[in-house]
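**Student:** The structure follows.
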Amino acid sequence: MLSNYLPILIFLIVAAGLAMVLLVLGTGLGRFFSRHHDDPAKRSPYECGFDAFEDTRTKFDVRYYLVAILFIVFEVAFYAISSAFSAIPVLGVLAWYDVAVGNLIAAITMGWYMWRAHPALKAELIYALEGKE
């Protein structure tokens, strides 16, 4: 019984080994052939001439990533359900409406979340819609 899975195990081992070899080889060749130019123009301030106010490597709020991941998870689940609907010929048209309604619900939900959770975004949108630029 388990001997039936031996080719899959061999494939996974070969794939993992090839991935590691390519990763190490690519990193090594990239470090060996890269050029490091350290000149005053690279260390100068931005084009505007001002020094940066703060470090550009500030921490980014994790909630943005969480929203994106949740959106992707629910979309994938939704399209899995939709593909099951479209496999049945009678429900083919229903699958299109299923996708349309699902996308509409996702867009409204994401917009509502962004509107409620980020007051700065709300202020920017109101400012932009008033036309004061």
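**Student:** Report the calculated FRET efficiency for Ile10 and Ala80 (r = Cβ-Cβ distance, R0 = 22 Å), to the nearest 0.05.
**Tutor:** Values: r = 30 Å, r/R0 = 1.36.
E(calc), rounded to 0.05, equals 0.15.
**Student:** If you stretched the chain out fully between Arg116 and Leu70, how much longer would it get, using 0.36 nm times the residue separation minus the C-alpha to C-alpha distance?
**Tutor:** On the way: separation 46, 0.36 × 46 = 16.56 nm, distance 1.70 nm.
The span from Arg116 to Leu70 would gain 14.9 nm if fully extended.
Read-outs throughout are calculated quantities, based only on the coordinates presented, and are distinct from any laboratory measurement. Note that this is a predicted model, so its numbers are computed, not measured. All Cβ positions, glycine included, derive from the backbone under ideal geometry; neighbour counts span all protein chains shown.
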